[in-house]
Amino acid sequence: MIEYIIIIVAVISAIIALLQEDLLKSAILVGISGFFIAVLFHLLLAPDVALTQAIVEGAIVPVFIALAVYKTKGGA
């Protein structure tokens, strides 16, 4: 049952990330979505995939998106 709740939260945060006008908020929401997918992988007994998902989608991708927004907008 908890798996379904995690899937719903991940999908909703991904959809909200797509609809955001502010790119930094979108980057944060992408990280949240990745974190919940990592939790889902952990619950499905795939800890190696969960760890990779948490590192890449939960941390690295939002940081790269935020850096790209910062660099293209001139830090404003």
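Just so you know, all these numbers are worked out from the coordinates, no wet-lab data involved. Since this is a predicted model, take the numbers as computed values, not measurements. In this analysis, Cβ positions are derived from the backbone assuming ideal geometry, glycine residues included, and neighbour counts consider all displayed protein chains.
Residues in region 1-52 that are outside any helix (DSSP H, G or I) and farther than 23 Å from residue 65 by Cα: 1, 44, 45, 46. If the condition is being surrounded by 11 or more Cβ atoms within 10 Å (Cβ to Cβ) and among the small types (Gly, Ala, Ser), then region 27-76 contributes 27, 31, 33, 34, 38, 46, 50, 54, 58, 59, 66, 68.
Note on region 1-26: among residues that are closer than 16 Å to residue 44 by Cα and surrounded by 14 or more Cβ atoms within 10 Å (Cβ to Cβ), the one that is farthest from the chain's Cα centre (by Cα) is 6.
Beta carbons closer than 6 Å, at least 6 apart along the sequence or on distinct chains, pair a first residue in region 24-51 that is over 14 Å from residue 8 (Cβ atoms) with a second that is hydroxyl-bearing (Ser, Thr, Tyr) and assigned to a helix (DSSP H, G or I) for 29/13.
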